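Where a number appears in this text, it was derived from the coordinates with a stated rule and is not lab data. These numbers come from a predicted model, not from an experiment. No Cβ is skipped: glycine too gets one built from the backbone with ideal geometry, and neighbour counts run over all protein chains shown.
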Amino acid sequence: MRMKFSGQEMVIRSVLAVMRLFSRLPLRFHYFWGDIVSWVMKDVLHYRKDVIVTNLARSFPEMNYHEIRAVASAFYRHLGEIFAEAIWFCGSGYRRIHDSGICRYTNLEVLNEAFESSPSVTVLYSHCGNWELLGGMWCYNYNPDVQYPSDESCVKVVYRRLRSHIWNEVFKRNRSHPIKGFEGEIESGQVLRYAIGNRDRKYIYIYPTDQFPYSVSYDAGKFLNQRTKGMLGSARIASRLGMSVLYLRMKPVSRGRYEMTFVPICQDASQMEPEDIMRRYFDLLEADIRETPYNWLWSHKRWK
């Protein structure tokens, strides 16, 4: 068992070493090969074409075939950008990420206010923008008059472990790379116990909540014109502990530029039903997707 783990760790470190070697190249170079990857996925491999087109057609029945093809093409290009930015991010330190301006907050003060006025904060985000850049969230403040609510130790990122230990570790370490020694990841199955056991401490819990449910689900109603199953875990924990709940919007402004905006859902989740919290989340997410249709992970099998 020890030999197997050591072998896996060697593979993990080798993959990350190669990624970090290439990450030293300028971001514009990464976009160049990202465009090539996009073309290969779209025109050579036809990567999940049926899933993408079906998701788009069912979500936007008002679109004709040519409009759906145009959104699908824009999505493939965006997917290549996500890969390119993730590699660039892998070996970038705080200063390089900050100086690039790849992401910036529009209203960090909203997070500060929620943090100050609540026992803890729940942040619900999605697969819009580039979620692989969230590990640099302490690099994205350009307003000298607004400070972060605390240091990195107050952030807890909830994630679902991948089946492959190697890829699970590669993605996890890559996402938290700018924060040296970050130990804030919590597996989804452990977060309830952790939150209750640490209810006397103030944290910012960050959840991806737009995937197909992988455990207990509920009927969330219509989302993008389709009956949708959702996950209530994040909202239930927030309601039980009286947390503030925010929605994190990540909007592309141009290539290499994203804006991150915190949208309040409630100040005290104990005053709302968890289903109502999630309904508000899905409404906000749908509005963002309709505004910028390509800016979501359409290759994901959201509706099964």
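Here, P(r) means the percent of Cα pairs in each 5 Å bin from 0 to the largest distance; for region 1-81 it is 3, 13, 16, 14, 12, 12, 11, 9, 6, 3, 1, 0. Can you give the FRET efficiency for I166 and S215, using 1/(1 + (r/R0)^6), R0 = 30 Å, r = Cβ-Cβ distance, to the nearest 0.05? That pair, I166 with S215, gives E of 0.80. The average projected area of the chain, computed from the convex hull of its Cα atoms over all directions, is 16.4 nm². Restricting attention to the chain, close to 45% of DSSP beta bridges with both partner residues there are antiparallel.
Among the trypsin sites (Lys or Arg not before Pro) in region 102-204, which ones are in a DSSP loop with at most 14 other Cβ atoms within 10 Å of the Cβ? Mind listing them?
R160, R161, R163, K180, R201
Taking other C-beta atoms within 10 Å as the exposure proxy, D219, D145 rank D145, D219 from fewest upward. When the chain is described by a simple charge dipole with +1 on each Lys and Arg Cβ and -1 on each Asp and Glu Cβ, the residue from H66, G80, G101 located farthest towards its positive end is G80.
The longest part of the chain holding none of the exposed loop GluC sites (Glu not before Pro), meaning those outside H, G, I, E and B in DSSP with at most 15 other Cβ atoms within 10 Å, is 184-304.
Approximating the spin labels as points 7 Å out from Cα along Cα→Cβ, the K222-to-Y142 distance works out to 3.9 nm. For region 200-254, chymotrypsin sites (Phe, Trp or Tyr not before Pro) meeting the loop criterion (DSSP other than H, G, I, E, B) and having at most 11 other Cβ atoms within 10 Å: Y214. Each helix, a run of at least 4 DSSP H residues, gives -39500 (n - 2.57); summed and divided by the residues of the chain, these come to -14000 deg cm²/dmol at 222 nm. For the chain, the relative contact order is 24 percent, taking Cα pairs closer than 8 Å that sit 6 or more residues apart in sequence and dividing their mean separation by the residue count.
The Cα center of region 266-285 and the Cα center of region 114-179 differ in position by 21 Å.
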